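Below is one structure, written out as structure tokens; the observations come after it.
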Amino acid sequence: MDIFYKLFIALLPVAILMFYIFKRDTEKEPIKEIWIAFGFGVLSVIVSLVFSVPAKNIGLYSEDPATIIGAIWTSFMGAAIPEEIAKFIMLWLFMRRCKEYDQYMDGIVYAVCISLGFAALENIFYIVDESEWLSIGIKRALTAVPGHYCNGVLMGYYYSKVRLSHFSTFKDRAMILIAPILTHGIYNSIPMSGDAIENSEITVLVLLPSLFIYFIYKLHKYCLKRINETVEQDKLDIALRDGGKEE
């Protein structure tokens, strides 16, 4: 019976965020496509391991860094870069076969579903075999899962800007990967730096958690702004499209 509760705790935050982003879409995407995107996200875990495991085996990064620099390096090389590249590959593959992609918000919706597919399987791995699964599940529901969600928002926002806008720049193209990698890397670096710092109780107990909370707040605020901006753009496009049909 415990396995049911563990899966429930692991998947509940994923389901909530998927429902939220689905409801924000002006013209809802087919449920079938939502689940296919989610499945692509689950597969992206395997793709990320193709990058991260060899990097770890050749000593490119350590799972237990002893310095702040090492923590930052591990956060990017062991997690942010391989995971976001894997998600981007799966987003690109998904979009190649998706005929429903015709609005800016669609890019965010599908990128978020892929990111949350990754987060769902990762959450299960972290929770199922742990004795302290409830506390770990609650912690990840408030941190890791929303983090993957925000990375998906950023990737999808810039992906749509490049694919659907006639005014995209080289910077927009680069930001499809740079934005989620940067936020993911910073997100991981802050708590990992705390693990690497010794004999600095005030830093670990006060400064780093405060910085982490501030970063989370600013990241979610930025992502919400991008979502609202995208929704308004889609509403304008729909109004212009429908107005043209009436004429």
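The values are calculated or read from the model by the stated rules, or taken from the named source; none is laboratory data. None of these values were measured; they are calculated from a predicted model. Every residue, glycine as well, gets a Cβ built from its backbone with ideal geometry; the counts of neighbours run over all protein chains shown. Note: accessible area is taken over every heavy atom of the protein model, side chains too, but ligands, DNA and RNA are not part of it. Shrake-Rupley method; radii C 1.70, N 1.55, O 1.52, S 1.80 Å.
Quick one: TYR126 ticks every box in (1) within 20 Å of VAL42 (Cβ to Cβ); (2) among the hydroxyl-bearing types (Ser, Thr, Tyr); (3) open to solvent by less than 10 Å² (accessible area, probe 1.4 Å) except a single one, so which number is it?
Against the list (1) within 20 Å of VAL42 (Cβ to Cβ); (2) among the hydroxyl-bearing types (Ser, Thr, Tyr); (3) open to solvent by less than 10 Å² (accessible area, probe 1.4 Å), TYR126 comes up short only on (3).
May I ask you to verify whether LEU17 is in contact (Cβ under 8 Å) with a residue 60 or more places away in the chain, assigned to a helix (DSSP H, G or I) and closer than 30 Å to MET95 by Cα?
Answer is yes for this residue.
Of the residues VAL109, VAL47, which single one is in contact (Cβ under 8 Å) with a residue 60 or more places away in the chain, surrounded by 14 or more Cβ atoms within 10 Å (Cβ to Cβ) and assigned to a helix (DSSP H, G or I)?
Going through VAL109, VAL47 in turn, just one is in contact (Cβ under 8 Å) with a residue 60 or more places away in the chain, surrounded by 14 or more Cβ atoms within 10 Å (Cβ to Cβ) and assigned to a helix (DSSP H, G or I): VAL109.
On the basis of being part of a helix (DSSP H, G or I), over 19 Å from PHE19 (Cβ atoms) and of a type in the set (Gly, Ala, Ser), does SER131 make the cut?
no
Only residues in segment 152-166 that are closer than 14 Å to ILE178 by Cβ and open to solvent by 30 Å² or more (accessible area, probe 1.4 Å) count as the first member; pair them with residues that are in a helix (DSSP H, G or I) and acidic (Asp, Glu), Cβ under 9 angstrom, at least 6 apart or cross-chain, and list the lot.
Here the result reads LYS161/ASP172, each pair linking segment 152-166 to a residue that is in a helix (DSSP H, G or I) and acidic (Asp, Glu).
When you check LEU177 against the structure, is it hydrophobic (A, V, I, L, M, F, W, C) and modelled with pLDDT under 95, yes or no?
The answer is no for LEU177.
Of the residues that sit in segment 77-100 and are at pLDDT 95 or above and not aliphatic (A, V, I, L, M), which one is surrounded by the most Cβ atoms within 10 Å (Cβ to Cβ)?
Ranking the qualifying residues of segment 77-100, first place goes to GLU84.
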